[in-house]
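Trainee: A single structure is presented below for examination.
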Amino acid sequence: MKSEGQVRIPSGCAIAAVISKEGNKMSGEMITNAMKPMHDRSNGLGGGFAGYGIYPDYKDLYALHMFFDERATRKNCEAFLKERFEIVKSEIIPTRKIPSVTDEPIIWRYFVSPLKSVLAALQLDEKEFMVRTVTKINTEMKGAYVFSSGKNMGTFKAVGFPEDVGVFYRLEEYEGYSWTAHGRYPTNTPGWWGGAHPFTLLDYSVVHNGEISSYDSNRRFIEMFGYKCTLQTDTEVITYIMDYLLRVQKLTLGETASVIAAPFWSTIGTKKDEEDKKKHIFLRTVFSNLLITGPFSIVLGFNGGIMALNDRLKLRSMVVGEKNDKIFVASEEAAIRTMEPDAENIWAPAGGEPVIIHVKKGAY
Amino acid sequence: MGVEFIYPEFEVIRNENRCIACRVCERQCANEVHFFNTEHSVMVSDESKCVNCQRCVSLCPTRALKIVKSDCTLRENSNWENDTIKEIYKQANSGGVLLSSMGNPRPMPVYWDKILINASQVTNPPLDPPREPMETRVFLGRKPEKIERDETDKLKCEIPPQIELSMPVMFSAMSYGSISYNAHASLARAATEIGILYNTGEGGLHEDFYRYGKNTVVQVASGRFGVYKDYLEAGAAIEIKMGQGAKPGIGGHLPGAKIIGDVSKTRMIPEGSDAISPAPHHDIYSIEDLRQLVFSLKEATEYKKPIMVKVAAVHNIAAIASGIARSGADIIAIDGFRGGTGAAPTRIRDNVGIPIELALAAVDQRLRDEGIRNNISLVIGGSVRSSADVVKAIALGADACYIATAALLALGCHLCRTCQSGKCNWGIATQNPELVKRLNPDIGSKRLVNLMNAWRHEIKEFMGGMGINSIEALRGNRLMLRGIGMTEKELEILGISHAGE
């Protein structure tokens, strides 16, 4: 059987997210529990979480979460990292031995800062340098895999059911202002830790439920800009698209949503606001290869907010609810009720309608 | 006779019981195959003149006629085939270059037929085109690499000139001269009604057709016939024709006999003078010269029209396309070696160039490797025969397809491959007024519209099956394709996996 990255792997899934608009901290326990009622949406071959605001003591450093197959790989990789970064802290990510999660790789994290001299020599800004470094490790360094690389955020993922993965990583010990979660139902993977989701790049994390039909069109386009889709999963290519549109092209979240879940031409044609119409025609024409078709519901996490988005036909379930300062997103309402039994205003966003939540300025 | 004799290729079979000697066949055949024998009051035929265009068969009111391939053959020989031997006889007789029309008929690999298309099952849903919107609209032209914002942070929405097509198909270049006025009228009217473009070819634009300008690609070829300011401004796009799939590296020659009346006026050359298109553009001997012509045309039209560059698919097409993409051109059109023609030297047509499927795959990948695929649109032609071919071409990486033979078939062409004679009984490849009027543009354009509507329906069904509701999500989506019966190398070039993988 081919391993992940050698073959494209479709999968169904469960997703959930919670965010406090006030920036109030929540432990990872709530989001872990939210995955329990959606147990049947996963098949035990992957679960994961992303937490934002969880490393306040190191918030100006990039937190690299890494898997290694063996000690020698880690040693080699650390030598490589030292050439490029000041490593402020390196440690094993604490885990809990439980029977439902086994065969773990070596799981390590580093809080790093790129060396100014290296940045100057390469004439790159910090983020672009991080992206290239992560891509280099993940494509060239056999046995080493960076699965999280943002500031003051972190991804935790494993082969197993998501509710078990949360326990494994002791998420109740972390405090974050926003969390996203993913349970995976891949159809043909042998199960690989790196293949679990969320998929992240810098502080962008994506959890996704669906199987996009535009995959290869999107992949072949985005790979023109230095990205390498090594995992051949939807989530990976969506994350790169997000990074390209938001960071490289500097589109807004709303504009990005209008590219990947573009309104139909017939809808654009009937828009009364001429400026809005022009903008949509522009975005669809220029970024036509980044339109994503086929079913998807995604939550994009980033420092200070989330964006939830469905494909334009709404071929996957996704509901949103709220209570006080919190907004909840999940594949099923049951997950929201687990997090907040009294959640209000539960609604299903229309296909292509982005739900963008920002944390109050200064609160994260 | 004697050594010069070649037995006729076809036999005219007339069912005497059905023939009522109405003489329709006689009137319809410009080749003068049929005639009436007054002595015996029967129809007879001279099959040596028959080209098997099926005109008489189609119009015989009693279905008394059929044309069959003659079974009088030379002794079988797998090395020296009948046609090969007869061509030698012809050349020994005439001392001339063999001429042919339409696309290469030889049994070369047709990669379209070795590619299979995907459909959704279980893990994602197929879509019903009647129920869900299915978008086939495409924009051809250069896309900006970076977005820009004004001082109020609003997106600057100006983009280089684009061609908008309601579906990813255009009618390919066929000149007025090589085809008739009515054929052009049919193409122009159909393109306008469908919301696509047709192409003038190198013969200029008849004054009657300027009103279809929004749906016209005006061509600038090496002979520069009919090119002047109004012509350039008339079209939606300008195409520089560097080459043609049926005859790469070869110019064109429309004999003076056909340069009469409006054809002469439209081409802007004197009546009776031969219209010679040189093999190269004599102002383009290199890629930097092409860049100059591209920008000359842009200057002449104030940067309002996309510039297309059409080339034949030849061995190093990927490198050539890369050069064109960096020349300032907005669209590359690549014509494969099975592409049609009004007349080409047979040996060139059948032996020069490469299949469009391979050329397309190589060019698309090369432009992506260089990171410039979004800077230019890619149009391919050279035997796109059906909606399935279109879907496969888009999935391999094309933005749109050019069709010409399929369009002529819709107009009545029966692919007898004798366009060069100018005696087209279907009123298409002829300037004989009696023949031209057989093609009614009202009916012709309607049939073209029907064909395109039928293809559009089929394209939507393919897309729906794949769970794709917009054509751009199919573009370059090679995972939707699998090869069958191909070598590793062929699959590698096409960038697709084998069926079962």
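Trainee: Search the structure for amide H atoms under 5 Å from the amide H of B:ILE259, placed 1.01 Å from N in the peptide plane, and list their residues when 5 or more places away or on another chain.
Mentor: Amide H to amide H, under 5 Å and 5 or more residues apart or across chains, B:ILE259 pairs with B:GLY272.
Trainee: May I pose another question? Can you give the three extents of the C-alpha atoms in region A:263-364 along their principal axes, from longest to shortest, in whole Å?
Mentor: For region A:263-364, the Cα extents along the three principal axes come out at 43, 34, 26 Å.
Trainee: Using the per-residue mean of other Cβ atoms lying within 10 Å as a proxy for protection, in what order, highest first, do the peptides B:155-165, B:178-188 fall? Please report the intermediate quantities before stating the final value.
Mentor: Values: B:155-165: 17.3, B:178-188: 26.5.
Answer by packing, highest mean first, reads B:178-188, B:155-165.
Trainee: Enter the angle in degrees (range 0 to 90, nearest 10) between the Cα long axis of helix B:287-300 and the first principal axis of the Cα atoms of chain B, meaning the one along which they spread out most.
Mentor: 80 degrees
Trainee: Using the count of nearby Cβ atoms within 10 Å as a rough guide to exposure, how do A:TYR58, B:TYR231, B:TYR402 rank from fewest to most? Display every interim value, and only then the final one.
Mentor: On the way: A:TYR58 17, B:TYR231 22, B:TYR402 28.
Final ranking by Cβ density, sparse to dense: A:TYR58, B:TYR231, B:TYR402.
Trainee: Give the aspartates and glutamates whose C-alpha is closer than 17 Å to that of B:LYS460, dropping any in the same chain fewer than 8 places away, or say none.
Mentor: B:ASP128, B:GLU132, B:GLU135, B:ASP389, B:ASP399, B:GLU472
Trainee: Taking the Cβ of A:PHE287 as the centre, find all other residues whose Cβ is under 11 Å away and add up their charges (Lys, Arg: +1; Asp, Glu: -1). Could the numbers behind the result be given before it?
Mentor: Values: positive: A:ARG284, B:LYS143; negative: A:GLU255, B:GLU472.
Taking every Cβ under 11 Å from that of A:PHE287, the sum is 0.
Trainee: Taking chain B as the reference, fit the longest principal axis to its C-alpha atoms, fit the long axis of helix B:387-396 to the helix C-alpha atoms, and give the angle between the two in degrees, 0 to 90, nearest 10.
Mentor: Taking Cα atoms only, the helix is inclined about 40 degrees.
Trainee: Which value, in Å³ per residue, describes the convex hull spanned by the Cα atoms of chain B?
Mentor: On the way: hull volume 96.4 nm³, N = 501.
Expressed per residue, the convex hull around the Cα atoms of chain B is 192 Å³.
Trainee: I want to verify the translational diffusion coefficient of region A:11-358 in µm²/s; compute it with Stokes-Einstein, Rh as the Kirkwood radius over Cα pairs, at 25 °C and 0.890 mPa s. Don't skip to the end; give the middle numbers.
Mentor: Values: Rh = 20.2 Å.
For the chosen part, D equals 121 µm²/s.
Trainee: According to a simple spin-label model (label point 7 Å from Cα along Cα-to-Cβ), what is the distance in nm between A:ARG71 and A:THR139?
Mentor: 3.2 nm
Trainee: Take B:LYS86 and B:ASP113, extend 7 Å from each Cα along the Cα→Cβ direction, and tell me the distance between the two endpoints in nm.
Mentor: It is 2.1 nm.
Trainee: Restricting attention to region B:218-316, which GluC sites (Glu not before Pro) occupy a DSSP loop and are surrounded by at most 10 other Cβ atoms within 10 Å?
Mentor: Working: sites: B:GLU233, B:GLU239, B:GLU271, B:GLU288, B:GLU299, B:GLU302; in loops: B:GLU271, B:GLU302.
Here the GluC sites (Glu not before Pro) that fit, given the DSSP loop and packing criteria, are B:GLU302.
Trainee: Net charge near B:LEU481, counting Lys/Arg +1 and Asp/Glu -1 over other residues with Cβ under 11 Å of its Cβ?
Mentor: Numbers: positive: B:LYS114, B:LYS392, B:ARG478, B:ARG482; negative: A:ASP216, B:GLU357.
Surrounding charge for B:LEU481 is +2.
Trainee: Now a separate question. Given 20 °C and 1.002 mPa s, compute D for region B:70-137 with the Stokes-Einstein relation, Rh being the Kirkwood radius over Cα pairs; round to the nearest whole µm²/s. It would help to have the intermediate numbers written out before the result.
Mentor: Values: Rh = 18.0 Å.
Rounded, D is 119 µm²/s.
Trainee: So how do B:MET43, A:MET153, B:MET268 line up by other beta-carbon neighbours within 10 Å, fewest first?
Mentor: Values: B:MET43 24, A:MET153 27, B:MET268 14.
The fewest-first ordering by Cβ neighbours comes to B:MET268, B:MET43, A:MET153.
Trainee: With an 8 Å cut-off on Cα pairs and a minimum separation of 6 or more residues, tell me the relative contact order of chain B in percent.
Mentor: Numbers: 1043 pairs, mean separation 95.9, N = 501.
Relative contact order, chain B: 19 percent.
Trainee: Would you mind giving the mean number of other chain beta-carbons within 10 Å of the Cβ of each residue in A:303-312, as a whole number? It would help to have the intermediate numbers written out before the result.
Mentor: Values: counts 0, 0, 0, 0, 0, 0, 0, 0, 3, 4.
Per residue, the number of nearby Cβ atoms from other chains is 1 on average.
Trainee: B:ARG211 to A:GLU86: FRET efficiency via 1/(1 + (r/R0)^6), r the Cβ-Cβ distance, R0 56 Å, to the nearest 0.05? Walk me through the intermediate numbers first.
Mentor: On the way: r = 70 Å, r/R0 = 1.25.
The formula returns an efficiency of 0.20 here.
Trainee: Using alpha carbons only, how many angstrom separate the centre of region B:94-115 from the centre of region A:50-124?
Mentor: A separation of 61 Å, based on Cα centres.
Trainee: For region B:2-96, what's the radius of gyration and Dmax over Cα atoms, in angstrom?
Mentor: That works out to 15.8, 47 Å for Rg and Dmax.
Trainee: Now, a different point. As an exercise, use a Förster radius of 30 Å and the Cβ-Cβ distance of A:ASN345 and A:GLU173 to find the FRET efficiency, rounded to the nearest 0.05. Mind dumping the intermediate values first?
Mentor: Details: r = 32 Å, r/R0 = 1.05.
Calculated value: 0.40.
Trainee: For the peptides A:246-253, B:63-70, what is the packing order when you average, over each peptide's residues, the other Cβ atoms within 10 Å and list the highest mean first? Let's see the in-between values first.
Mentor: Details: A:246-253: 17.0, B:63-70: 15.4.
Result, highest mean first: A:246-253, B:63-70.
Trainee: Another question, then. In the protein assembly as shown, what percentage of the DSSP-assigned beta bridges are antiparallel, given to the nearest 5? Intermediate values should be presented prior to the final figure.
Mentor: Details: 96 of 126 bridges.
Counting DSSP beta bridges with both partners in the protein assembly as shown, the antiparallel share is about 75 percent.
Trainee: Okay, moving on. Give me A:SER149, B:SER94 ranked fewest to most by other Cβ atoms within 10 Å of their Cβ, as a rough exposure proxy. Intermediate values should be presented prior to the final figure.
Mentor: Details: A:SER149 27, B:SER94 10.
Least to most surrounded, the residues fall as B:SER94, A:SER149.
Trainee: Could you pull out every residue, at least 5 positions away or on a different chain, whose amide H is within less than 5 Å of the one on B:ALA275? Hs are placed 1.01 Å off N in the peptide plane, and Pro or chain starts have none.
Mentor: HN-HN under 5 Å from B:ALA275: B:LEU254, B:GLY256.
Trainee: Applying the Karplus parametrisation 6.51 cos²θ - 1.76 cosθ + 1.60 with θ = phi - 60° to the phi angles of region B:70-78, what ³J(HN,Hα) value in whole Hz is obtained for each residue in order, glycine and proline being reported as x?
Mentor: 5, 9, 7, 10, 6, 4, 4, 7, 5
Trainee: Count, for each residue of A:281-292, the Cβ atoms from other chains sitting within 10 Å of its Cβ, then give me the mean as a whole number. Intermediate values should be presented prior to the final figure.
Mentor: Numbers: counts 5, 7, 3, 5, 11, 10, 4, 11, 8, 2, 8, 2.
Mean partner shielding for this stretch: 6.
Trainee: Mind checking which lysines have their Cα closer than 17 Å to the Cα of B:LYS265? Skip sequence neighbours fewer than 8 apart in that chain.
Mentor: B:LYS229
Trainee: What percent of all Cα-Cα pairs in the protein assembly as shown falls in each 10 Å bin, counting up from 0?
Mentor: Pairs per bin, as whole percents: 2, 12, 20, 20, 16, 12, 9, 6, 3, 1, 0, 0.
Trainee: Restricting attention to region B:282-325, which trypsin sites (Lys or Arg not before Pro) occupy a DSSP loop and are surrounded by at most 16 other Cβ atoms within 10 Å? Intermediate values should be presented prior to the final figure.
Mentor: Details: sites: B:ARG291, B:LYS298, B:LYS304, B:LYS310; in loops: B:LYS304.
Passing sites in region B:282-325 are B:LYS304.
Trainee: Turning to a different aspect of this structure: At 7 Å along Cα-to-Cβ for each site, give me the label-to-label distance between A:VAL118 and B:ARG75 in nm.
Mentor: So the two model labels end up 8.0 nm from each other.
Trainee: Right, something else. Mind scanning B:LYS304/B:LYS437; B:LYS90/B:LYS247; B:LYS247/B:LYS423; B:LYS86/B:LYS114 and naming the pairs with a C-alpha gap bigger than 25 Å? Let's see the in-between values first.
Mentor: On the way: B:LYS304/B:LYS437 37 Å; B:LYS90/B:LYS247 21 Å; B:LYS247/B:LYS423 22 Å; B:LYS86/B:LYS114 32 Å.
With Cα atoms farther than 25 Å apart: B:LYS304/B:LYS437; B:LYS86/B:LYS114.
Trainee: Counting other Cβ atoms within 10 Å, which trypsin sites (Lys or Arg not before Pro) in region B:417-501 have at most 11 and lie in a DSSP loop?
Mentor: Values: sites: B:ARG417, B:LYS423, B:LYS437, B:ARG438, B:LYS446, B:ARG447, B:ARG456, B:LYS460, B:ARG475, B:ARG478, B:ARG482, B:LYS489; in loops: B:ARG417, B:LYS423, B:LYS437, B:ARG438, B:ARG475.
Listed in order of number, the matching sites amount to none.
Trainee: Sum up the charges of everything whose Cβ sits under 13 Å from the Cβ of B:SER445, counting Lys and Arg as +1 and Asp and Glu as -1, but leave B:SER445 out.
Mentor: Working: positive: B:ARG189, B:LYS446, B:ARG447; negative: B:GLU193, B:ASP442.
The answer is +1.
Trainee: If you don't mind, there's one more thing I want to ask. In whole Å, how far is the Cα centre of region B:141-159 from that of region B:299-354?
Mentor: Region B:141-159 and region B:299-354 have Cα centres separated by 30 Å.
Trainee: Please compute, for the alpha-carbon atoms of region B:88-235, the extent along each of the three principal axes and give them in descending order in Å.
Mentor: Largest to smallest, the principal-axis extents are 74, 51, 31 Å.
Trainee: Another question, then. Relative to the first principal axis of the alpha-carbon coordinates of chain B, what is the inclination of helix B:356-369, with its axis defined by its Cα atoms, in degrees from 0 to 90 and to the nearest 10?
Mentor: The helix B:356-369 is inclined about 10 degrees to chain B.
Trainee: So in chain B, what percent of DSSP beta bridges are antiparallel if you round to the nearest 5? Can you show the working numbers first?
Mentor: Working: 21 of 51 bridges.
Around 40 percent of the beta bridges assigned by DSSP in chain B are antiparallel ones.
FYI, it's all coordinate maths here, none of it is from the lab. For clarity, every value in this text was computed on a predicted model and none was experimentally measured. Positions of Cβ are backbone-derived with ideal geometry, glycine not excepted, and every protein chain shown enters the neighbour counts.
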